[in-house]
Every structure is written in structure tokens, then in C-alpha cells.
Amino acid sequence: MVMGRELSVSAQRVQEVLRNQGLDCEVLELPQSTRSAKEAAEAVGCAVAQIAKSIVFRTRETQRPILVIASGPNRINEARISELIAEPIEKADAEFVKKRTGFSIGGVAPVGHTERPQIFIDEDLFKYQEIWAAAGTPHAVFRLTPKELVNITGGQVISVK
């Protein structure tokens with residue numbers, strides 16, 4: 001909720017998915033940007049490593065969306081992901097991300113996508129009792145536990161580095 005205002009359409013979509021999944025998480029839309037892990041951490045007052053950033057890749061041959069949810073400071077080892085799915089990947093462009101997830105880069109939530117991506121979750125997020133994820137816009141986030149993240153996404157927990 002934004003100080004007495006309704007959530008934006010994208011943030012509301014994420015809130016509804018969370019409720020439908022049985023989670024009592026509240027989507028917050030903030031006045032400051034949460035587009036980057038650093039900005040999100042500053043906005044909510046947590047460590048950058050507690051930010052579950054969503055990075056969308058596309059498979060080169062079949063053009064499938066792959067979502068990697070990584071701890072804020074971690075760089076994703078694309079070769080490792082390619083190995084796991086047995087197909088080369090590349091970072092998706094803004095148009096692909098918007099079309100396949102329904103969200104713009106900087107606000108990609110772990111749930112509520114227009115097309116279900118294959119999802120990988122960074123094991124480093126399990127170092128924290130609570131983490132924060134994007135909620136559909138570059139100003140919206142929500143708090144949850146790493147276990148809840150796995151439950152709502154069905155993602156595979158791996159080392160992404």
C-alpha cells in the first residue's frame with residue numbers, strides 16, 4: 001500500500017498472487033526507487049544480500065524464459081545455468097522481459113508472470129530469515145522468507161555463482 005493510495009496494477013497483481021498462494025505478505029509501493037538491489041536495500045533498511053533480485057534470461061535456441069532469483073550482490077554464472085538446462089542462455093532484453101513476464105526490468109516479481117518461466121533460486125538467500133523481492137514495479141517490494149519464496153515459485157535452489 002502507498003500511504004493511503006491503491007497499489008498500481010502490476011503491484012496489485014503480485015499482491016493477489018501472494019494472497020492466492022496463502023501468503024500474508026504485504027506489497028509496499030515506495031516513493032523511492034527499488035530498481036537495483038542497492039536501492040531496494042536502502043529503501044527497506046536491510047542488507048543488499050537480503051534482496052532477492054529477479055534476472056530474466058532467454059534460452060538461445062528455444063527462446064524460453066529462465067528466471068534466476070539471486071541474492072543482491074551475487075553475479076549469476078550463466079554457464080552454470082546453461083549447463084543445468086542443457087541449452088545456452090543470454091540475458092533477455094526489455095521487450096522479451098515485458099512480453100514474457102508482464103513486468104518491466106527493475107520490477108520483475110518472482111510470481112505473477114504472463115508465461116511461467118523455469119526458475120532457479122540462489123542458495124545464498126537461505127542465509128537470512130527474511131528477504132525482500134520486487135513486486136511488479138521499480139518502486140514495489142514485499143518481504144518473505146526464503147522457504148516461502150521456494151513454495152510460491154516452485155524454483156530449484158542452486159548455487160548461482
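Could we say that Ile105 is touching a strand residue (DSSP E or B) at 6+ places or on another chain (Cβ under 9 Å), assigned to a loop (DSSP other than H, G, I, E, B) and surrounded by fewer than 22 Cβ atoms within 10 Å (Cβ to Cβ) here? Lay out the reasoning, then the answer.
Details: touching a strand residue (DSSP E or B) at 6+ places or on another chain (Cβ under 9 Å): yes; assigned to a loop (DSSP other than H, G, I, E, B): yes; surrounded by fewer than 22 Cβ atoms within 10 Å (Cβ to Cβ): yes.
Yes; evaluated as a whole, the condition is true for this residue.
Which count do you get for residues in segment 60-92 that are under 14 Å from Phe120 (Cα atoms) and part of a strand (DSSP E or B)? Selection size over segment 60-92: 8.
When Asn74 is tested against (1) of a type in the set (S, T, N, Q); (2) modelled with pLDDT under 95; (3) farther than 16 Å from Gly107 by Cα, only condition (2) is not met. Here Gly22 meets each of (1) under 15 Å from Ile152 (Cα atoms); (2) surrounded by 14 or more Cβ atoms within 10 Å (Cβ to Cβ) with one exception, condition (2). Quick one: would you say Glu26 is assigned to a loop (DSSP other than H, G, I, E, B) and under 16 Å from the mean Cα position of the chain (by Cα)? Yes, satisfied. Looking only at segment 93-102, residues that are part of a loop (DSSP other than H, G, I, E, B) and surrounded by 15 or more Cβ atoms within 10 Å (Cβ to Cβ) come to 1 in all. When segment 7-16 is filtered for residues that are crowded, with 20+ Cβ neighbours inside 10 Å and more than 13 Å from Gly107 (Cβ to Cβ), only Gln15 remains. Filtered by the rule that a residue be part of a helix (DSSP H, G or I) and either of a type in the set (Ser, Thr, Tyr) or surrounded by 24 or more Cβ atoms within 10 Å (Cβ to Cβ) (or both), segment 122-142 gives a lone residue, Leu125.
The values are calculated or read from the model by the stated rules, or taken from the named source; none is laboratory data. Keep in mind the model is a prediction, meaning the values are calculated, not measured. No Cβ is skipped: glycine too gets one built from the backbone with ideal geometry, and neighbour counts run over all protein chains shown.
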